[in-house]
Every structure is written in structure tokens, then in C-alpha cells.
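Here the structure comes first, spelled out in C-alpha cells, and everything after it is commentary.
The values are calculated or read from the model by the stated rules, or taken from the named source; none is laboratory data. A quick note: this is a predicted structure, and the numbers were derived from the prediction, not measured. Counting neighbours? That spans all protein chains shown, and the Cβs are built from the backbone with ideal geometry, glycine included. These area figures cover heavy atoms from the full protein model, side chains too; ligands, DNA and RNA do not enter into them. Shrake-Rupley method; radii C 1.70, N 1.55, O 1.52, S 1.80 Å.
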Amino acid sequence: MSKPSDTTAQSRSRLGALLVSPALVLLAAVIGYPIVAALVTSFRTDPTLRDGFFTTGGEFAGFSNYLHWLGQQCGDTSCPPGTLGDQFWTSVLVTLFFTVVTVSLEVVLGLLMAIVMNQAFAGRGFLRAVVLVPWAIPTAVTAKLWFFMFAYDGIVNRALGTHILWTDGAWSARVAVIISDVWKTTPFVALLLLAGMSGIPGALYEAARIDGASTFQRFLRITLPLIRPALLVAIVFRVLDVLRIYDLPAILTQGGGGDGHATTTLSILTVRQIQQGYGGASALSTLTFVLIFGVALALVRVFRVNLVQSEQHGMS
């Protein structure tokens with residue numbers, strides 16, 4: 001068969017660009033414009049409220065909105081305790097704390113669940129369907145469900161024989177958010193890891209068993225390396241989700257807990273700032289985006305290095 005000429009290849013390339021251009025224009029309008037508009041707004045002063053309506057525009061404010069959050073500056077002085085500007089770094093730490101703890105627990109528990117569901121036993125299909133129920137429940141419903149379970153006379157206190165005000169204490173409220181999030185999203189991690197395990201040939205395990213490898217050795221040398229791509233996807237997806245978590249702590253603890261902002265994440269702080277001014281909220285949204293993008297980029301780079309090193313070690 002003869003190869004297509006350069007003219008034909010160029011025609012196909014132009015046709016492909018022409019077919020894709022409507023989707024690119026739509027994405028630019030739906031995604032690109034709001035991002036640019038938010039970035040421009042972050043460099044303007046907050047509009048004032050007059051006659052029940054916000055005034056348009058706003059004067060150029062430079063980096064004052066960003067300094068308000070990063071330096072916790074309210075005008076020429078430090079933001080007083082209890083104000084939104086004073087809560088920025090606390091919200092960053094709370095968000096990172098939720099991310100590290102929940103993702104770690106979900107990966108460990110999801111891996112254990114995937115190992116169990118990958119075994120051959122009667123009722124395996126039913127178990128897989130039941131495990132996915134928490135993930136299928138809307139987050140708002142999950143938050144309200146656990147709100148009643150963590151009530152003073154709820155099932156959690158009755159089961160533990162305790163009398164804890166779970167959503168009123170600082171650390172108890174954080175524990176409640178972590179338990180609720182882990183309960184809901186661990187099945188998602190387990191589903192991704194189970195998909196990775198399903199693609200591993202059974203002959204590899206049989207050969208390793210014949211060679212005398214123990215169950216733990218087969219898991220460490222066969223299962224774990226081969227599901228690493230699925231593990232990467234699960235970790236990155238969950239990290240991105242938790243870094244922008246809003247509805248679960250907002251409903252479960254009203255975004256407060258303890259001192260009023262023990263479970264206040266960056267997304268909750270942004271929503272509260274929107275009620276006071278768009279300029280500061282746009283700057284906070286931009287900072288949140290930079291944090292999420294930086295963490296995601298770091299995770300991808302770290303996992304790529306590990307994958308290359310593991311492949312080179314296996315070939316040596």
C-alpha cells in the first residue's frame with residue numbers, strides 16, 4: 001500500500017483541527033473565561049453594596065488581596081483574631097491535615113478491600129455491589145447521615161458508651177469529618193485498585209507459589225508493582241478531591257467545630273469570603289488553585305520517578 005502524500009496528510013491535519021475547533025471554543029468560553037475573569041477580579045478592590053446591589057468594577061488593588069491572605073494583613077494592621085483573614089493559614093493546615101489522613105486511610109483500607117474482593121468465593125458479586133453503596137450516596141446525604149450518628153444521643157455514643165459532643169469539639173469534629181469521608185470514598189479507591197488487580201495474570205501467582213514465595217512476598221513482588229498505576233490514579237484523584245472539600249465538613253460541622261473554624265477548609269473559607277467581597281474571594285480561589293496544582297504536579301512527578309526506578313531495578 002502506498003503511503004499518503006504530504007498534501008493528503010496536511011489536508012487531514014487541517015480537517016482535524018477544524019473538527020476540534022468548536023470544542024476548543026466552547027471550552028475556552030466555559031472554562032477559560034471564568035478563570036481569566038477571576039484572576040482579573042483578584043487584583044481589584046471588593047465592590048461595595050449600594051441599594052441592595054453590588055457596584056460593578058472595583059479599583060485596581062495590586063497584590064493587596066493576596067497580601068491580605070498570605071500576610072494576614074487587614075489594611076495596615078494584622079487581621080484581628082476571628083476574622084476571615086486571620087483564618088487563612090489555619091484553613092491551609094486543616095485542609096492539608098484532612099488530605100494526608102483521609103487519603104492514607106482510604107488507600108490502606110481500599111487496598112485491603114480490593115484484596116478481599118479479588119478472591120474467589122461465593123457471594124463475591126453481591127459483596128462488590130454492597131461495598132459501592134456508600135460511594136453512590138450523595139455527599140450531602142452522607143454528611144447529614146453522620147450528623148445524626150454523631151449526635152449526643154446518636155448511635156456512635158451509644159455504641160461506644162461515651163457522651164462526646166462530636167461536632168462541637170475541635171479534634172472530635174475533625175475525627176468525625178475524617179471518619180465520614182473515609183466511609184464514603186474508600187469504596188472508590190477499592191474499585192480502582194480492584195480493576196488493577198483483575199488484570200494481573202493468575203499464572204504469575206502460580207509460578208511464584210511454586211517457587212516457594214509466601215503470600216506476603218507474592219503481594220509485595222507481584223501485586224503491588226502491577227497495581228502501581230491504578231494506585232497513582234486513586235491517590236491523585238483523592239488528593240485533588242480532599243484539597244477542595246467543602247460540602248461534607250460544611251454540613252456535618254457547619255464548617256466550624258470547636259473554636260468555630262477547626263474544620264474550616266479553604267473551600268469553606270472562600271465561600272464565606274464571597275459574602276464579603278469578590279476581590280478577596282477571587283484571590284483566595286487563585287491561591288487554592290495554585291496549591292492544588294502544585295500538589296498534583298508534585299505527586300505525578302514523584303510517582304513517575306518511582307515507576308522508572310522500579311522498572312530499572314527489575315531489569316537489572
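Surface listing: K184, K144 arranged by accessible area from highest to lowest gives K144, K184, probe 1.4 Å. Computed over protein heavy atoms with a 1.4 Å probe, the accessible surface of the chain works out to 59 Å² per residue.
Extension gain for T8-A29 works out to 4.4 nm (0.36 nm per residue, less the C-alpha to C-alpha distance). Counting heavy atoms of the protein chains alone, I274 has an accessible area of about 70 Å² for a 1.4 Å probe. Heavy-atom accessible area with a 1.4 Å probe sorts C79, C74, largest first, into C74, C79. When peptides 132-139, 286-293, 85-92 are ranked by their average number of other Cβ atoms within 10 Å per residue, the highest-first order is 85-92, 286-293, 132-139. For the pair A38 and Y246, the difference between a 0.36 nm per residue extended length and the Cα-Cα distance amounts to 72.9 nm.
Please identify the helices of the chain, taking whole runs of DSSP H, that span at least 20 Å along their own axis as judged from the Cα atoms and have a mean Kyte-Doolittle score of 1.6 or higher. Please report the intermediate quantities before stating the final value.
On the way: long enough: 6-27 (31 Å, 0.67); 88-117 (42 Å, 2.19); 170-198 (41 Å, 1.21); 228-243 (22 Å, 1.80); 278-315 (55 Å, 0.98).
Correct list, ordered by number: 88-117, 228-243.
Packing-wise, with mean Cβ within 10 Å as the measure, how do 214-227, 163-176 rank, highest first? Provide the component values of the computation, followed by the final result.
Values: 214-227: 14.6, 163-176: 17.8.
Ranking the peptides 214-227, 163-176 by packing returns 163-176, 214-227.
Packing-based ranking of 192-199, 119-126 yields 192-199, 119-126, ordered from highest to lowest mean Cβ neighbour count within 10 Å.
Solvent-accessible surface of protein heavy atoms, probed at 1.4 angstrom with all chains present, puts F150, F97 in the order F97, F150, largest first.
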